[in-house]
Structure formats: structure tokens, C-alpha cells
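Input: a single structure, listed below in C-alpha cells.
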Amino acid sequence: MYPIWKNDSCNPSPAYRLTPLKAPPLHIYEMRRKPRRQWLPRLSCGLLLALIMPTSVLLLQGCQAGSEGQEARKDRQRQFNEAAHGTAVRRYLRNVQEHVKAQWKPSEEEASKTGVVFFKIDKEGKVKDLKIKVSTGDALLDQRMLNAVKEASPLPKPPQILENEISLDFSFDMRILSSTSIFDDIDELKSMVIKATRSLEKNPDDTASLKQRALACLAMSDVLSARSAVKDLTRLLELEREDAELYLLRAQAFRLLREKANFLSDARKAAELNPEVDTRLTLVEALSENGDLREALAKCEETLTFSPNDADALSTRAFCHLQMHDYQAGIADAEKALAIEPEHGAAYAYRGDCYEALKQYDKALKDYTKSIKFNPDDEYSYLRRARLYLQLSKFGPAVVDATSALEIEPELAEAYYYRACGNKALGLAAQAQRDRLKASSLGFNQAAEPLN
């Protein structure tokens with residue numbers, strides 16, 4: 001998740017009288033940093049559209065039916081059809097990933113190299129036309145990537161909604177931030193919790209089960225699960241003493257619980273015990289969350305001294321500049337990150353925020369769209385674009401993006417509010433009222449008053 005920056009200067013069109021954003025411009029939402037060594041099977045362009053659409057956009061049916069043109073209605077129907085495929089496709093990709101991942105065991109030296117293989121999956125799950133698309137530079141490692149896919153075949157059968165064979169670019173890239181994994185599947189997470197709990201009933205101090213349950217609870221991202229994760233991680237720290245990884249995980253749990261002081265305390269401890277890039281950047285996030293922007297920026301500088309070409313560090317410094325309203329510096333750092341890692345979703349998001357603050361809306365829209373392309377499972381990427389669409393009076397697309405955010409995070413109050421504003425402008429008063437009340441019940445203050 002990339003924290004979304006709220007800009008007081010972004011006053012929406014008066015056409016639908018959206019209350020101006022009242023939150024402080026430096027407010028930061030919790031940011032779940034994903035592990036840096038990750039996988040991402042990416043669909044070819046033709047199928048990627050199915051990934052980024054929500055599963056429920058029924059509310060769009062009939063919007064402005066009397067005034068919109070035929071092409072607009074066709075476009076809306078196309079979006080609806082694509083939306084219906086989204087969840088099934090995401091789930092299928094996670095399944096494919098796990099099958100291939102089980103066959104891939106790189107050494108530490110090999111883990112620093114990246115490559116991409118192309119293949120097709122037919123209706124029976126058989127792999128076809130397997131080949132190297134981007135070489136690692138190591139012929140033996142390239143062959144091992146091909147073998148991993150071959151050994152995983154036959155893969156799970158594609159869902160019935162996909163009529164033809166699927167073409168995939170499968171990236172063996174451990175620097176990609178946005179990743180689908182077993183930890184995105186709520187059913188699998190619940191199964192992991194149950195299995196670990198049964199083991200702990202037999203041996204309450206089973207460290208492997210404590211950690212497995214904590215990881216699963218942390219991935220669920222809800223308050224009750226985060227509290228359970230804190231309990232298990234605290235017990236692990238009692239059993240294993242000083243461990244940077246455990247402090248880092250507990251810091252993430254405290255962030256979900258919005259316990260800022262504890263988040264900062266554990267982030268500092270993790271960085272002291274293991275001052276690698278990930279722990280340093282988590283400390284930067286904790287400092288930002290606690291409002292200490294100058295120290296956050298200083299820690300970014302330290303990290304870049306330690307690792308000057310780290311795209312994550314540059315992107316994080318861009319966000320620090322954004323919070324301090326130094327938009328040109330933020331754009332410059334985001335561009336440096338993108339020069340190193342052209343598919344860095346966070347860098348596009350933060351550069352888009354800077355452009356939006358500078359009222360360069362066309363550039364902001366392009367960057368938000370690229371952020372979604374490279375990180376289709378981040379709810380705040382959709383929320384950013386929904387906010388901008390509202391300002392541009394593009395209410396239909398705003399509703400679609402807000403719904404996409406809710407498909408990923410059903411309790412995202414701002415998404416309900418933005419969708420309410422879009423539906424209100426489209427004349428869907430009843431749906432707007434339901435979403436406004438939902439946003440208010442989730443604690444979004446701006447939703448307390450009726451929409452005008």
C-alpha cells in the first residue's frame with residue numbers, strides 16, 4: 001500500500017459540491033511494505049484489463065441513461081464485463097504463482113538476478129510456447145527458470161470465464177514491490193491460522209507455529225488479527241530475545257492498529273538490530289506517521305548513502321519531499337527511482353501526487369494509471385485516481401475506481417465517500433446515501449454531513 005497524500009488545495013468541481021478535503025495535508029495512511037524479494041506473474045496487455053477492474057460495479061448500470069451517448073453506454077458495459085472477471089483471474093494467478101514458485105529454489109547469488117519467461121496456458125492447464133523473454137544473463141539460470149515452469153506443468157485449469165488460452169509474462173523478479181501470493185488469499189490465511197493454532201494447543205511455545213500464525217494474522221490486515229499478531233510476536237520475542245525481523249513484523253502490526261508510538265519504537269529497534277534498507281525505510285515510514293518529517297528525510301538520506309541506487313529509498317524520499325510540499329524535489333526523486341526501476345508503482349503514485357498538487361492533472365492521471373498497471377492490487381492507487389476523476393468531473397470512472405479500491409479493501413472509508421460523491425453527481429441519490437452512511441460509520445469525518 002502506498003500512503004495517499006491529501007492535498008487541501010485540490011478543490012473539486014462545484015458541479016456536485018463535494019466538501020473540500022479537511023484532513024491535514026500531511027496525514028498518512030498506514031503503508032504495508034511488502035517483502036522486497038517477491039514474484040509477480042504479469043498478464044499480457046490484452047488480459048491485464050481484467051485484473052484491474054472491480055468485481056461489483058452494478059451501481060453503474062443505468063447511470064445517466066437518458067443523457068449519455070451510445071458509445072459511452074457501450075464503454076460502461078465493457079467495463080462492467082471486464083469487472084466480472086477480476087476476482088477469478090486474480091485468484092487464478094495466485095494459484096499459478098504458487099505452483100511455479102514451489103519449483104524455484106534460487107541460491108543467494110542467483111536471487112540477485114532477474115528474468116522473465118513467456119508461456120501460454122491452455123484450457124487443460126498445459127504449458128505451451130515456453131521461452132525466455134528477458135534473460136538473466138546466465139544461461140544456466142535461464143534454463144532453470146524454464147525448468148521450474150516445466151516441472152510445475154500441468155498448471156491449474158483456467159477459470160471458465162476465460163474462453164481462450166492465457167498468455168503470461170512470468171517475472172522471476174525479486175525487486176517487484178507489488179506481488180500476489182498465498183498471503184493474498186483469505187481462505188488460505190484462515191487455514192494457516194487454524195493449522196498453527198492446533199499445533200500450539202499441543203506446544204504453546206512452538207516458535208514455528210507462533211510465527212506462521214502471526215504472519216497469517218498480519219496479512220489479514222484487520223484490527224482483531226493485528227492484535228493476535230502482536231500477541232504471538234511478543235511471545236516470540238520473549239522466547240527468541242532480540243530479533244530484528246520480529247520487531248519489524250510487530251511494528252507492522254502496530255501500524256495496522258494505528259498505535260503510532262509502538263510502531264515507531266519497534267521500527268527503531270529493528271533498524272538498530274539490522275540496519276538494512278527494508279528496516280531503515282520502515283523507520284522512515286514510522287517517523288512520517290508520527291509527524292517527524294525532518295528526521296524521516298534525514299533517515300532517507302542515510303539509507304541512500306548506504307544504498308545510493310535503491311529505487312525504494314528514492315521513492316520513499318520522494319514521498320518525504322511531497323509531505324514537505326517540495327513537489328519539484330519529489331518529482332526528481334521519483335524520476336530517479338523510475339530510471340532504476342521503470343515499473344516502480346510507488347514512484348508513479350508519488351510523482352502523480354506531486355503533479356496533482358501542482359495542478360498538472362493530465363500528468364497526474366497518467367502516473368496514477370501507470371501505478372495501477374504495475375500494482376493492480378493496491379487499493380490506494382485506485383483511490384488516488386478516483387479522487388482525481390472527481391476533480392475532473394469524470395464521475396463514472398471515479399465510481400469504477402472507488403469500487404475497485406473497495407474490492408481490495410472492503411472497509412476503506414474514503415472509497416465509500418468518493419463513490420458516494422460520484423453517484424450523487426450521476427443522480428443515484430439512494431446509492432450515494434448508502435455509501436455516505438457507510439463512510440461515516442467507518443469514521444470518515446467528511447461523510448458525517450449529507451451530500452448537497
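Miscellaneous remarks
- Residue that is nearest to the chain's Cα centre (by Cα) [pool: residues in the stretch 101-112 that are closer than 10 Å to Phe172 by Cβ and in a helix (DSSP H, G or I)]: Lys101
- Considering residues of the stretch 413-432 that are surrounded by fewer than 22 Cβ atoms within 10 Å (Cβ to Cβ) and touching a Leu at 6+ places or on another chain (Cβ under 8 Å) only, the residue farthest from Pro376 (Cα to Cα): Gln431
- Single unsatisfied condition, Glu343 versus (1) touching a residue at least 40 places away in the same chain (Cβ under 8 Å); (2) under 18 Å from the mean Cα position of the chain (by Cα); (3) part of a helix (DSSP H, G or I): (3)
- The residues of the stretch 286-324 that are free of Cβ contacts under 8 Å to residues at least 12 places away in the same chain and not in a helix (DSSP H, G or I), listed by number, are Asp292, Pro308.
- Of the residues making up the stretch 263-279, those that are touching a Ser or Thr at 6+ places or on another chain (Cβ under 6 Å) and at pLDDT 90 or above are Ala267, Ala270, Ala271.
- Look at (1) farther than 30 Å from Arg235 by Cβ; (2) crowded, with 20+ Cβ neighbours inside 10 Å and you find that Arg294 fails only one, number (2).
- His321 vs. criteria surrounded by 20 or more Cβ atoms within 10 Å (Cβ to Cβ) and more than 20 Å from the chain's Cα centre (by Cα): yes
- Being polar (S, T, N, Q), touching a residue at least 24 places away in the same chain (Cβ under 8 Å) and on the phi < 0 side of the Ramachandran plot is a condition met by at least one residue of the stretch 249-260.
- Residue count for the stretch 197-229 satisfying the condition of being over 22 Å from the mean Cα position of the chain (by Cα), over 18 Å from Leu246 (Cβ atoms) and touching a residue at least 12 places away in the same chain (Cβ under 8 Å): 1.
- Check on Ala337, modelled with pLDDT of 90 or more, hydrophobic (A, V, I, L, M, F, W, C) and in contact with a His (Cβ under 7 Å, 6 or more places away or on another chain): yes
- Residues of the stretch 113-158 satisfying the condition of being acidic (Asp, Glu), within 19 Å of Leu93 (Cα to Cα) and outside any helix (DSSP H, G or I): Asp122, Glu124, Asp129
The values are calculated or read from the model by the stated rules, or taken from the named source; none is laboratory data. Since this is a predicted model, take the numbers as computed values, not measurements. A quick note on method: Cβ atoms are made from the backbone with ideal geometry, for glycine too, and the neighbour counts reach across all protein chains shown.
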